Protein chains: 2
Amino acid sequence: MENSNKNLAAVNASTVEGLGLLARFFGFSEVMGRLYGTLLMNPEPLSLDELAEYLQISKGSVSMNMRSIERWGMAKEVWMKGERRKFYTAESDMWQVIRNILSGREMREVQRALHVLEASVEKLRQAEGELSREEQELAAYYLERLSDLQAFFKMADMALQMVVASDDEMDFESISKLELA
Amino acid sequence: MENSNKNLAAVNASTVEGLGLLARFFGFSEVMGRLYGTLLMNPEPLSLDELAEYLQISKGSVSMNMRSIERWGMAKEVWMKGERRKFYTAESDMWQVIRNILSGREMREVQRALHVLEASVEKLRQAEGELSREEQELAAYYLERLSDLQAFFKMADMALQMVVASDDEMDFESISKLELA
DNA sequence: TGATACGTTCAGAATATTTTGAACGTATCT
DNA sequence: AGATACGTTCAAAATATTCTGAACGTATCA
């Protein structure tokens, strides 16, 4: 944290800031991004109080945000010998972070969407008998739209599963093969 | 919009609701998702007033949100003959929607991140001379982290470009080829 | 054991975001 | 032209989100 040089400090600051904006952009809180950035740009693990001091936010906020950060697998606790405090260190493998986030957050959402769609299709099928001529047309239109959505979400699901599954092979080679497809 | 059957109405409602939640989840406003859903589940284009009436929100809100929706290419205006009003219809190709969103929103963000990182690396390189022994170690650590981030964002950039570029071939086949990679 | 150094929680405060509705501008109608 | 039917804008209000800081619980120290 003691960081005398102006350029080093500037680089640190802009990275922290950038990750804050990025986090906000992706629907996380900005503080989460800044905390993550601060940890990422520190060779040594940092304690809750150090983080609060550095980012000039309350201990309570750090505590809650760090909880989220840990839940997303973006950082983990480190036990320092002879220290009573908790220390945190960033998960620096971005793909790992993405995998953690996807497996927790996006996946569930897609699954839920698929279930709702499935239930809707089922409901339409069952109602088919009791529909007037005009209603049947509307039902057919709905089925069309729902199928489109299902196809889309199934594809998205596959894509996400792929990313989550690839343990560390989301490398240049595998990407470029997709490009050829 | 006249939709007599209970089941049809329920399917419509849950789809609208679902897209609303999804929109919120991905950092759009919930109303945007609901507007999009409403349009998607209507065979006929709808006017601003009809949308406001249907979703029970103000005209102003519809106007502003529809602007966003159009900006993301999720819907477009349709001119009905003999009608003074604007009508909107949903872009029902989800991949097209995703491509529109990615090309407008995510891409720019990734590009910006890359530029910031590039600038930081440059700054570190230029400062190299004036650094103490200890500072050089820190600089080396920063460069490592920045390289990781750069690698990640370049990859993300490629992936996004791929999705945006693929005009309508984000189909099962091309995905499954990636899985083999 | 008592004192201390933490981390956590939560009600209230501060902010940020979204919505409303009235006012306004503009194109189309008679 | 005047009247009407829209779409848009924006300031104020309503909501939602995030932050704070004091209070509290707990584990560790002396």
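Assuming charge only on the beta carbon of Lys and Arg (+1) and of Asp and Glu (-1), the dipole of the protein assembly as shown about its Cα centre is about 1100 debye to the nearest 20. For B:LYS86, the lysines whose Cα comes closer than 25 Å to its Cα, not counting residues fewer than 8 places off in the same chain, are B:LYS59, B:LYS76. Ranking A:LEU124, A:LEU35, B:TYR141 by how far each Cα lies toward the positive end of the dipole of the protein assembly as shown (charges on Cβ) leaves A:LEU35 at the top. Close amide H contacts of B:SER47 (hydrogens built in the peptide plane, cut-off under 5 Å, sequence separation of 5 or more or a different chain): B:TYR88.
DSSP loop chymotrypsin sites (Phe, Trp or Tyr not before Pro) in the stretch A:1-76 with at most 15 other Cβ atoms within 10 Å of their Cβ, which ones? Let's see the in-between values first.
Details: sites: A:PHE25, A:PHE26, A:PHE28, A:TYR36, A:TYR54, A:TRP72; in loops: A:PHE26, A:PHE28, A:TRP72.
Those that pass, being in a loop and sparsely packed, are A:PHE26.
Only helices reaching 24 angstrom along their own axis (Cα) with mean Kyte-Doolittle hydropathy no lower than -1.0 count here, and for the DSSP H runs of chain A these are A:6-25, A:107-127, A:133-165. Label-point spacing for A:LYS86 across the identical copies (point 7 Å from Cα in the Cβ direction), in nm and ascending order: 4.9. Simple rule: put +1 on each Lys or Arg Cβ and -1 on each Asp or Glu Cβ in the protein assembly as shown, find the dipole, and look at B:ALA159, A:PHE153, A:ILE101; the Cα lying farthest toward the positive end is A:ILE101. A:MET64 label point (Cα plus 7 Å toward Cβ) to equivalent points in the other copies: 2.5 nm, shortest first.
Across the identical copies, the label point of B:PHE25 (7 Å from Cα in the Cβ direction) is separated from its matches by 2.2 nm, in order from shortest. Across chain B, the relative contact order, built from alpha-carbon pairs under 8 Å that are at least six residues apart, equals 15 percent. Beta bridges assigned by DSSP with both partners in the protein assembly as shown are antiparallel in approximately 100 percent of cases.
About the centre of its Cα atoms, the stretch A:1-117 shows a dipole size close to 360 debye [charges on the beta carbon of Lys, Arg (+1) and Asp, Glu (-1) only; nearest 20 debye]. Cα convex hull, the protein assembly as shown: 179 Å³ per residue, rounded to a whole number. Counting 0.36 nm for each residue step from A:GLN126 to A:SER14 and taking away their Cα separation leaves a gain of 34.6 nm.
Just so you know, all these numbers are worked out from the coordinates, no wet-lab data involved. The model shown is predicted, which means the values in this text are computed figures rather than measured ones. Please note: Cβ atoms are built from the backbone with ideal geometry, for glycine as well, and neighbour counts cover all protein chains shown.
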